[in-house]
Structure formats: C-alpha cells, structure tokens
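To start, the structure itself, in structure tokens.
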There are 2 protein chains.
Amino acid sequence: MGRTVTFDQNEAIEKALDVFWKKGYNGASLRDLTDAMKINSSSFYNTLGDKHQLFVQCVKHYTHKRRVLLEQRAGTYDSPRAALEGFIHDVAAVVIKDAHGCFAIKTAFEVSPDDKRIQALLKEDNNFTRTFLSTLIRSAVDQGEMADETDAELLADYIISTYTGWYELHLLHQDPVKINKLAAFTARQVLH
Amino acid sequence: MGRTVTFDQNEAIEKALDVFWKKGYNGASLRDLTDAMKINSSSFYNTLGDKHQLFVQCVKHYTHKRRVLLEQRAGTYDSPRAALEGFIHDVAAVVIKDAHGCFAIKTAFEVSPDDKRIQALLKEDNNFTRTFLSTLIRSAVDQGEMADETDAELLADYIISTYTGWYELHLLHQDPVKINKLAAFTARQVLH
DNA sequence: TATTTTTTGAAGTGATTGTTTCAGAATTGG
DNA sequence: CCAATTCTGAAACAATCACTTCAAAAAATA
C-alpha cells in the first residue's frame, strides 16, 4: 500500500462551498477553489474529480446540512402550530444572516435550467421541505390547531415561495426590519 | 462626416439580453454576445463599451420594458381591486412563460452582492413595483374595496416576495398548475 | 467625384480558464 | 529497511477569456 490522503475531504468541500456560494458556479475559478481548499490541483483531480463533481458535492453538502438542522429544530417545539411559527421566524433569521442569500435558490437561478443533475438535487431538497411543512400542517389540523379545510400541500408551497422572496428583498435592501415584518405577517396569514 | 453605424443598437441590446438571461453574466462570453448581436467585437467596443456596460444596458432595458408593460396593463382595469387581482394573475402567466426565470431576480442573486451599480438598478426597479402596488392598495382602501387598517407598504412587499418564489418553484418543477394555484391562493389572501 | 471621417473585419493581445503531466516526496506493508 | 504504491507540488497544456490593433472598406460632406 502507498501513501494515504492527508487532507480532510469534508473540510475541503465546506471551503469550496463558501467560494461557490459567494461567487457562483461560473464566477468561481478552479484557482479560487483550490486556494480556499488549500490543496494542489493534482490532488483535487485525483480525489474529488472535476469542477462540476465538486459542485455537486457542495450542493449535496448544503442541502444535507439544512435538512439535519430542520429536523433538529422541529423536535424542540411542543405543538405543530408552534413548530410552524418557529420555522417561519427561523427562516427570517437565516435570511438576515446569510450575506449572499440562500445557496440553493442562487443555484436554482444560475445553473438549474441547463444542469439536470443539479436541478434534480434542488428539486429533491425542495420536495423534502414541502413534505416537512405539509406534515406539520396536517398534524396541526388533526390536533384542531388549524382549520379543517386547510390544503396542506398548497399552504406548504405558499410558505416556501414566500420566503424565497425574502432572500431577494434582503439582497437588494439589506433591511432586517422589513424581513422580520414580512415574517410576522406571513405567520399571521398562515396561522390566522 | 464619415460612415454611420449600420446596426441597430437597441436591437443588439435585446439580443444580448437574451444571452445574459439564459447564461447569466459570468456564463455569457463575449463571443456568445457578439455572435447573437451579429456585430464584430471592434464595433462592439467602439459603440457599446465593454461587457459590463452592455450588461448595465440590458438590465436597464429589461426593467424599463417591464415598467412600461406594468403601466399599460394597469390602465385597463376599472377598479384598484381588480387591477391588483389582474396583476397577480399576470405575474403568474409571466412566470409560467419565462423559461429561465425573471432576469432581475436571477441577476439579483448572481451579481448584485458584489456589483453596486447593478444592485442600485435592481433596487430602483423593486422600489417602483412596490410604489405601484402600494398606491393601488391605498386606492382600494380609499374606495372601500379593502379594509381600512391595511398596511399598504407591507402588503406590497408581501406580494413581491411571494411571486419571487414562484419563479424558483417553476424553475425546479415546471408545473403551471402549481403556479396558478399559488396565484389564486395569494389573490384570495391579499384581497380576502 | 474627391476627401474626410468613421466603421468594420480579421487577426492578435496577454491573461486566465479547466485540466494534465510527471518526477520526487511520502507512507505504507512485507 | 526495502520495495511497492500513492500522493503531492510545480510546471505546462490547449482553449478560451475580455479586449485591442490596424489596415481597408464604406459612407457622408463638399
């Protein structure tokens, strides 16, 4: 047996994600990426493949991390209605925090129309969030916290499409108050 | 006097806009652009400036065109409430039609954090839409078509942020029914 | 039509793109 | 400690990037 790889692959992907997040897929050069990952390009091509494969790994890493976070948070609430309200305000906090917007949304607009591999990953991530929300909504209905005639799927899509817009508004105006107001308004609308 | 420019500058900008719209700022090469515009690169640099100046012109062209269309449509309705409802369904139709999403939103995510010139243009466009909507809402309130306590600014931001998300959903799922359902739901929520 | 002015086409600029090559350093199992 | 194997660093790859140069073609004025 020969020498083993010295650098942490997961750590490298996180560094690369930062670069892609900031500069986008086309805006990030391989030099930007290898500089951030602190590995030589030969090591990169030997282990992680090429630029596109790295990007796929970054998208997977990002969506997986969000998924885990989502499930962790959900467990801390003691009613589905409270979980929904918590979700909406959590999203607002993330929108305000992320300087370059949501990596998934950014990627959806930049590469997804022409890159079916990436599109499939983002679609899957989107479906997960929708299922997560619609399940929560159905539980709330079952427990009498929300009206019986509520369309869970529709309301889930509604919530998702609403907060997507918050990212754009924050990118342009950088006004945290505006985002928080919108979140409060959305919570009121959804939970009436 | 010498020779005059033979190509139509406005037409060239429209062609360039198509390329930027499809490939993004970083994804579009100068070859892509001059090929689409059907002019030589020397003619391009002599008249339109460089890549970034062309992009600025494209953003201006796009936002201006939308602005004109918005004002035209608004005149065809006979009540502010009907105009609001019409606006929401018009947006849904555009979302379904545009293969690569809204150029302004796409650009907001791709370049606006690092390009203050572009950010300012998009912010201005966004402000125009908000003013347009909030004016409409205030008129509706004045005419007794909407509740007195309505926060016009907030509701305008709410509508904008909601339909931004429709673009992303349509990019990923390409499901017109879903978009129309969301539009109908949003109209119901806003106009209750 | 002659002259002046400007545009145009083709080729070429250096820099950067993503990717490869390969010799030598490093680390493993025997 | 040796030999086999694998990783690493630096240099180089062709292709493409945004952009320039310049002579010749074209058109406007006189």
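Using the Cβ-Cβ distance between A:L30 and B:D142 with R0 set to 56 Å, the FRET efficiency from 1/(1 + (r/R0)^6) comes to roughly 0.45.
In the assembly of identical copies, A:P176 has its label point, taken 7 Å from Cα in the direction of the beta carbon, separated from the corresponding points by 4.4 nm (ascending, one decimal). The residues of segment A:157-172 listed by number as losing at least 50 Å² of accessible area in the complex, against the isolated chain and with a 1.4 Å probe, are A:D157, A:Y158, A:S161, A:E168, A:L169, A:L171, A:L172.
Sorted by accessible area (1.4 Å probe), largest first, how do B:Y158, B:Y25, A:Y77 line up? Please report the intermediate quantities before stating the final value.
On the way: B:Y158 0, B:Y25 40, A:Y77 75 Å².
My answer, sorted largest first, is A:Y77, B:Y25, B:Y158.
Could you tell me the total accessible area buried at the A-B interface, probe 1.4 Å, in square angstrom to the nearest hundred? Don't jump to the answer; show the numbers that get you there.
On the way: alone 11340 and 11280 Å², together 18600 Å².
The contact between B and A buries close to 4000 Å².
Please grab the % of Cα pairs in the protein assembly as shown that end up more than 39 Å from each other. Mind showing how you got there, number by number?
Working: 16394 of 73536 pairs.
Here the tail beyond 39 Å accounts for 22 percent of pairs.
Under the membrane-span-like helix rule (DSSP H runs whose alpha carbons stretch at least 30 Å along the helix axis, mean Kyte-Doolittle hydropathy -1.0 or higher), chain B yields B:51-74, B:116-142, B:152-173. Across chain A, Cα pairs under 8 Å and at least six residues apart give a relative contact order of 22 percent.
Might you tell me the accessible area per residue for segment B:37-185, computed with a 1.4 Å probe and given in Å²?
Numbers: 6500 Å² over 149 residues.
Per residue, segment B:37-185 has an accessible area of 44 Å².
Taking trypsin sites (Lys or Arg not before Pro) as candidate sites, keep only those in a DSSP loop with at most 16 other Cβ atoms within 10 Å, then name the longest stretch of chain A containing none of them. Each step should come with its number before you reach the end.
Working: sites that count: A:R3, A:K38.
With trypsin sites (Lys or Arg not before Pro) excluded where exposed in loops, chain A gives A:39-192 as its longest stretch.
Remark: chain B is approximated by an ellipsoid whose semi-axes, taken from the C-alpha gyration tensor as √(5λ), come to 36, 18, 15 Å, largest first. Any chance you could check segment A:24-41 for residues losing 30 Å² or more of accessible area when the partner protein chains are in, compared with the chain on its own (1.4 Å probe)? At a threshold of 30 Å² (probe 1.4 Å), the residues of segment A:24-41 that become less exposed are A:N26. Between identical copies, the spacing of A:S79 label points, each set 7 Å from Cα toward the C-beta atom, reads 3.8 nm from nearest to farthest. Solvent-accessible area of segment B:1-130 (1.4 angstrom probe, protein heavy atoms only): carbon and sulfur portion equals 47 percent. Within the same chain, aspartates and glutamates fewer than 8 places from A:K123 are excluded, and of the rest, those with a Cα less than 16 Å from its Cα are A:E110, A:D114, A:D115, A:E153, A:D157, B:E168, B:D175. Chain B versus the axis that turns it onto chain A: the residue with the nearest Cβ and the distance in whole Å amount to B:N26, 2.
For B:F7, inter-copy separations between label points set 7 Å beyond Cα along the Cβ vector come to 4.2 nm, shortest first.
The values are calculated or read from the model by the stated rules, or taken from the named source; none is laboratory data. Here the structure is a predicted model, which is why all the values come from computation and not from measurement. Glycine also receives a Cβ, built like all others from the backbone with ideal geometry; neighbour counts cover every protein chain displayed. What goes into the accessible areas is simple: the full protein's heavy atoms, side chains included, and nothing from ligands, DNA or RNA. Shrake-Rupley method; radii C 1.70, N 1.55, O 1.52, S 1.80 Å.
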